[in-house]
């Protein structure tokens, strides 16, 4: 290709992103063109088909290693296709399919969890009126935009593209958080908080990017890494830049002390959106962290090692200790997601030695947590979700099937053998030990021992307590939510018993381009 | 030290996996078949474990014919982490062989007994499913070919034990005891995990042969760390000090569970772990001393508390704690004593299972009462239970020529043989423990079966049905003879695992120890006989402080409460307070807003986002500051 000097585009490599974004725009057209009654099936089919084709496109791209855009044979850093990028794109697409099915659930509660018209003042007469209507279907294109942003986030090779992707994944999410049909004020409050704090974090990102540009003269990650060795600029720029970028990314990853939004937003957002955030956004955020630190900042590892270690320890311990006293199942899962961010940070700190295991952990955790939130959305007091744990007492008596499923998920989160939680933790910690991070692993094991307590308390509550009077009912899921739960539990068990195949895949896909 | 290698499995031995598959299949069928299996489910449970026993015998026979005395079976790769492959592998060697025979043999008898014991329980099918599940997990534990597989079984038996302790889940005491057992075990399991990670970090493997061969190259600090971490795990599973409190509470489960899991098999897993890791423990004298101290301390601790308890199952539970203390002492002493610990473990498996099943038979007769103060004179009404319990009693106190004499005396002798003042201390402790054992077991025996009847009014004791007494008789015979029959063949059988050792010569000759022990036992038993042959008060009387202390588990619970529960509660309430003010405030503020005070909501809301933002900002400042600190260093 050296003879041509124009811009060349590897369309096949770009296909996953293109498919998702085109489908998102098509979804907007569907809103305008298709009659209301038929919009839901069309939107769901469109979203699932787009995500599935994106997944196929990712698989087709396997083994590809290079830049998507290049000029005269020289790759541009903006979007790069490499092992980790493809694996994470595939994981996000697969998890997003499951999440979309959960968004589409309409049987457990009539009309679904989403408000029909978000602009109506909460609790006004019009709002009470619209509670009987079906939820808005704009959520599907919004989700596709967010998912497209995530898939771009994990394949961005320079800070500027990464910033665009960050905003693209965040903005639809802020909106989705505020669309709950019930308890709308809490939902809107969550959306606003997430938006304000997210904007705050984005400002850090831009500032950090400016600093790094000042230091390296480029926003390309590989170039920054190079400059870490050879740049003549004052290193102060590098340090401030690293710190600011790290703050923004750790905010999305929900690491202590940038985690404060997590419990409020997880609780306030509609449960399917919470599931999307806990699974897909987690993957994207850590995908970004892995790439920035492995590709862009590996040469300055010695400088940031201490502070990232401190943050990882604070996150693991803080998340676990706060989780112990939670009485609300969504809050419990929120703090557990914070603690899990701590374990994943070990994988980031261990750099190249643990990339594969971190990605395995992300996939395993994503499926488990998405199924857990799906079950949460099934257990209801009337129309509202019964999120207070006291209401879950004795669920095993009345709904043994649901209780068995939730027990499996809790045991997986607690990290018992034969579940994906165990294999993921074990392989991640083992890889970290080999990268000489034994201290962090000790903290991780202790933290997960603490964290096992609240999970097991839920299990005990399910099986060994008497049902509360007027116990909540478990609504029978439609095939949509049923598939979500089944897929999550199946992945949890398969990755627990026979994780070999996926470990092999992540092992092969664990090398970033330009490292 | 010779290179350790295991021969690949051939012939019948390549079916070692079936040993685990049989009970696992039973458990799966019983759990999945649901109520349809209620009628025949228990027989399926008995059959699978019986078949496993037959297979274990066959495997044992094939192993005896091998020259290398080991069979290693790789099934598939479970995990591959950074160049380290962890295989699903099994190891059938003399050590795992004797454990398999104990688990399936005694397990089979207890399964049969449970058919009768649980006859009137609505959850009998579920009980047998869990029971089979336990057997499968325990077999994974002892057959695992690397630490990872052992850990899988280790967690599996923990789960099964939790399910079975809390089997009568509607009893709050049972549910609490189940939780306590699980949590204590999880804490100790941290030790196991960290030990594995340390091995991975230093040796890059968790495979038995590779770890043992590489152990000599470890630094003293590393081998000390691995040894202590494994010891912590072993103490948790085996109810040794300082993790002893869960074991007596575990008696809330059905009696066959107490017999199989909390006496004969699972609680001895700690001894197995140390014996299996004998190469690591022998490397470092400090670790060995730690094991000896734990063993000596626990054997006295359990015996003292056992003297003061009035609940028939709890006395037996504390006696289990104490007897496992003897086994820890033995494996801690190392050398020739490794085999002694295993022999005591096997003998104990028989007589303690017999004693527990006997106590179950007594409870059956006495309307599920457990207070020995309200028993007495039962020998006339339940002759078979009486005779078998007597066999167990003679075996545990260790009079010549019964089981305990052959298994416990050599441990006491080995303790005296330890060098220097330590020999006198641990030997003395072991000797004192023998006297105390004789005292509390005789007290238990006399108060239950002899003396005047002190029954409550509504009981009509009767002998148990044949399906329960049959296993009792077999276990009784085993209690009487096992020790004498096993002592020297088992030592020889285990040579490939522990190596050849000469009996050490210490402060006292074997004859002197035997005389001293026999005197101690006769003294303890005689004293108990004199004190309790005329019965006892029907309720405990006020007593002097030593008895009060012993009744209170020597302060074990108080320590738990003071050291863990109270700070735990403080930490919990502190975080609740933080959560209440900072986090719940948002929700509370919102409900206030719905009530109409929107102004307050506004201030609250902006306040909170601001405080969140402040947290992010301070975090950013810390990140920058920490970077600067690192850089300017």
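The values are calculated or read from the model by the stated rules, or taken from the named source; none is laboratory data. All of these numbers come straight from a predicted model, not from anything done at the bench. In this analysis, Cβ positions are derived from the backbone assuming ideal geometry, glycine residues included, and neighbour counts consider all displayed protein chains.
Structural remarks
- Screening B:76, B:99 for residues that are closer than 20 Å to residue A:500 by Cβ and either outside any loop (DSSP other than H, G, I, E, B) or touching a helix residue (DSSP H, G or I) at 6+ places or on another chain (Cβ under 6 Å) (or both) leaves exactly one candidate, B:76.
- Of the residues making up segment A:228-240, those that are assigned to a helix (DSSP H, G or I) and more than 10 Å from chain B (Cβ to nearest Cβ) are A:228, A:229, A:230, A:237.
- Qualifying positions in segment B:217-239 - more than 21 Å from residue B:138 (Cβ to Cβ) and either within 12 Å of chain A (Cβ to nearest Cβ) or surrounded by 19 or more Cβ atoms within 10 Å (Cβ to Cβ) (or both): B:218, B:222, B:223, B:225, B:226, B:227, B:229
- Test: residue in segment A:140-154 that is buried (at least 22 other Cβ atoms within 10 Å of the Cβ), over 19 Å from the mean Cα position of the chain (by Cα) and either in contact (Cβ under 8 Å) with a residue 24 or more places away in the chain or away from every other protein chain (no Cβ under 14 Å) (or both): no
- Filter result for the condition that a residue is within 10 Å of chain B (Cβ to nearest Cβ), within 30 Å of residue B:175 (Cβ to Cβ) and modelled with pLDDT under 85, over A:467, A:417, A:454: A:417
- Among the candidates B:52, B:119, B:33, B:114, the residue that is within 30 Å of residue B:489 (Cβ to Cβ) and either part of a loop (DSSP other than H, G, I, E, B) or away from chain A (no Cβ under 14 Å) (or both) is uniquely B:52.
- When the test is whether a residue is within 14 Å of chain A (Cβ to nearest Cβ) and surrounded by fewer than 24 Cβ atoms within 10 Å (Cβ to Cβ), residue B:245 does not pass it.
- Of all residues in segment B:341-388, those being under 16 Å from residue B:473 (Cα atoms), assigned to a helix (DSSP H, G or I) and assigned by TED's automatic domain parsing to the domain that holds residue B:534 number 6.
- Residue within segment B:305-312 that is in a helix (DSSP H, G or I) and surrounded by fewer than 24 Cβ atoms within 10 Å (Cβ to Cβ) present: yes
- Of the criteria (1) facing chain B (nearest Cβ under 9 Å); (2) surrounded by fewer than 24 Cβ atoms within 10 Å (Cβ to Cβ); (3) at pLDDT 90 or above, which one residue A:303 fails: (3)
- Only helices (runs of 4 or more DSSP H) whose full extent lies in segment B:124-216 are considered here, and the ones with at least 1 residues that are within 9 Å of chain A (Cβ to nearest Cβ) and touching a residue at least 40 places away in the same chain (Cβ under 8 Å) are B:147-165, B:172-202.
- Inclusion of residue A:173 among residues that are away from every other protein chain (no Cβ under 14 Å) and closer than 30 Å to residue A:89 by Cβ is warranted.
- Only residues that are buried (at least 16 other Cβ atoms within 10 Å of the Cβ), modelled with pLDDT of 80 or more and not in a helix (DSSP H, G or I) were counted in segment A:93-117, giving 7.
- Residue check for residue B:102: surrounded by 21 or more Cβ atoms within 10 Å (Cβ to Cβ) and away from every other protein chain (no Cβ under 14 Å): yes
- Filter pass, residue A:73 being surrounded by fewer than 21 Cβ atoms within 10 Å (Cβ to Cβ) and either farther than 30 Å from residue A:177 by Cβ or out of contact with any helix residue (DSSP H, G or I) (no Cβ under 6 Å at 6 or more places or on another chain) (or both): yes
- Any hit, segment A:493-503, residues being crowded, with 20+ Cβ neighbours inside 10 Å, outside any helix (DSSP H, G or I) and touching a helix residue (DSSP H, G or I) at 6+ places or on another chain (Cβ under 6 Å): yes
Every residue, every condition in (1) within 14 Å of chain B (Cβ to nearest Cβ); (2) more than 25 Å from residue A:282 (Cβ to Cβ); (3) modelled with pLDDT of 95 or more; (4) surrounded by fewer than 20 Cβ atoms within 10 Å (Cβ to Cβ), yes or no:
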position: A:159; (1), (2), (3), (4): no, no, no, no
position: A:180; (1), (2), (3), (4): yes, no, no, no
position: A:187; (1), (2), (3), (4): yes, no, no, no
position: A:191; (1), (2), (3), (4): yes, no, no, no
position: A:196; (1), (2), (3), (4): yes, no, no, yes
position: A:215; (1), (2), (3), (4): yes, yes, no, no
position: A:220; (1), (2), (3), (4): no, yes, no, no
position: A:226; (1), (2), (3), (4): no, yes, no, yes
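- Some residue of segment A:470-489 being out of contact with any strand residue (DSSP E or B) (no Cβ under 9 Å at 6 or more places or on another chain) and within 11 Å of another protein chain (Cβ to nearest Cβ): no
- Which listed residue, of A:360, A:367, A:426, is out of contact with any strand residue (DSSP E or B) (no Cβ under 6 Å at 6 or more places or on another chain), assigned to a helix (DSSP H, G or I), surrounded by 24 or more Cβ atoms within 10 Å (Cβ to Cβ) and without any contact (Cβ under 8 Å) to a residue 40 or more places away in the chain: A:426
- Conditions (1) under 24 Å from the mean Cα position of the chain (by Cα); (2) in a helix (DSSP H, G or I); number of the one not met by residue A:401: (1)
- Residue match in segment A:265-285 (condition: within 14 Å of chain B (Cβ to nearest Cβ) and more than 30 Å from residue A:481 (Cβ to Cβ)): no
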